[in-house]
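S.K.: Below is a structure I'd like to ask you about.
The values are calculated or read from the model by the stated rules, or taken from the named source; none is laboratory data. Note that the structure is a prediction, hence the values are computed from the model and not measured. Heads up, the Cβs are rebuilt from the backbone with ideal geometry, glycines too, and the neighbour counts pull from every protein chain shown. For the accessible areas, the whole protein counts, side chains as well, though only heavy atoms, and no ligand, DNA or RNA atoms are used. Shrake-Rupley method; radii C 1.70, N 1.55, O 1.52, S 1.80 Å.
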Amino acid sequence: MLSHRAIWDGIDGIARRQGVSVSALAKLAGLDPTAFNVSKRVSKDGRERWPSTESISKILEATGESFDSFIEGTGAYIQAHGGFGESWRTATVPLLGLAQAGAGGFFDSAGFPVGQGWDEVALPSPEDNGIYALEITGDSMEPLYREGDRIVVSPTEQVRRGDRVVVKTRDGEVMAKILHRQSAKQIELRSINPAYEPRLIDVADVEWMARIIWASQ
């Protein structure tokens, strides 16, 4: 199981490896710059705050880090399950109110959770009906996704402006892009690589659009 501190240690580790502050890391992932600040990790009433699974996914996508590297940064053990040739990992995180933690018996001398009385919070899980993996070709999404990287796509996740998506046109073209804008008649897709111009596609010409929920190098 992963402790509250371990999860934040994993995020701090990504920031160190990228050579940026946690504020810059949040901004790079398209989040509020204060999202990972130390002051935001415990609420005013003493409750520990956990980063959302979506925010973790976004920083991994933005930095090109793998879920394995994030987990290694926490120093925790997670049970692995096979899938798509990758090690899919699921876990529960022990949860305890900060005020309760002060009663004693909940931590060892190194600060790891022990004893009874912990609740649990689920970490990201790939158990989503219909998810699949695609391998990136081309350079339109560099440096976020490079040729040979694998992305995991969920056709059931809600797609919103700013999401990384895979789009298939009725002409058979499949592409990984960022959904910049969507109207009743058109969608505007953008690449990370500035060498590529934005794409405007009529909604009638789109066969489907699905959200990218994970990436692995």
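S.K.: Using the Cα centre as the reference, give the magnitude of the dipole from point charges on the C-beta atoms of the range 4-80 (Lys, Arg: +1; Asp, Glu: -1; all else neutral), rounded to the nearest 20 debye.
M.R.: So the dipole magnitude of the range 4-80 works out to roughly 320 debye.
S.K.: May I pose another question? Quick check: residue separation of Asp68 and Ser21 times 0.36 nm, minus the Cα distance between them. What number comes out in nm?
M.R.: 14.8 nm
S.K.: Give me a comma-separated list of calculated 3J(HN,Hα) values for the range 134-146, in order, Karplus coefficients 6.51, -1.76, 1.60 applied at θ = phi - 60°, integers in Hz, x for any Gly or Pro.
M.R.: 10, 9, 6, 10, x, 10, 5, 10, 5, x, 5, 10, 10
S.K.: Kirkwood hydrodynamic radius, computed over distinct alpha-carbon pairs, for the range 4-80: how many Å, to one decimal?
M.R.: Value: 12.6 Å, from the Cα pair sum.
S.K.: Something else: Describe numerically, in nm with one decimal, the distance between label points set 7 Å from Cα along Cα→Cβ at Lys168 and at Arg49.
M.R.: About 4.0 nm, to one decimal.
S.K.: Could you compute the FRET efficiency for Glu135 and Ser183, with r as their C-beta to C-beta distance and R0 at 41 Å, rounded to 0.05?
M.R.: Taking R0 as 41 Å, the efficiency between Glu135 and Ser183 is 0.85.
S.K.: For the range 124-217, just say rounded, prolate or oblate: build the C-alpha gyration tensor, square-root its eigenvalues into a ≥ b ≥ c, call rounded for a/c under 1.5, and beyond that prolate if a/b exceeds b/c, oblate if not.
M.R.: Verdict is oblate for the range 124-217.
S.K.: Largest first, what is the accessible-area ranking of Thr169, Thr53 with a 1.4 Å probe?
M.R.: Thr53, Thr169
S.K.: Could you order peptides 195-201, 136-142 by the average number of other Cβ atoms within 10 Å of their residues, highest first?
M.R.: Ranking the peptides 195-201, 136-142 by packing returns 136-142, 195-201.
S.K.: Put Met209, Met175 in order of accessible area, largest first, 1.4 Å probe: what do you get?
M.R.: Highest to lowest solvent-accessible surface, that is Met209, Met175.
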